[in-house]
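Nothing in this text is a laboratory measurement; each read-out follows from the coordinates by a stated rule. All figures in this text were calculated on a predicted structure; none of them were measured in a lab. FYI the Cβ positions are ideal-geometry reconstructions off the backbone, even for glycines, and counts take in every protein chain you see.
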Amino acid sequence: MQSRNIMIILENDPQQEIDLIEDDYGKLHAFEFKWSGKRKVRFPQTFTANYPEASRQIVSPENMDEWLLYM
């Protein structure tokens, strides 16, 4: 049985970071944490090009409860 791994990526280039990447039994989930849910967020093109199947979610105070329940 595979284990569930969580990796934190700090930054590889300026403006090219993802706050949290979760490997959930082979399925990748990328998360960006922002104070305001209204800010436009783009995930780095290098990540989306290499992992197009990964889900992407922005976590803000507006949806923090939902995200915590997911975790």
Arrange the following residues from fewest to most other Cβ atoms within 10 Å of their Cβ: ASP24, ASP65. ASP65, ASP24
Within region 56-71: backbone nitrogen closer than 16 Å to the HIS29 label point (7 Å, Cα to C-beta): 56-60, 63-71
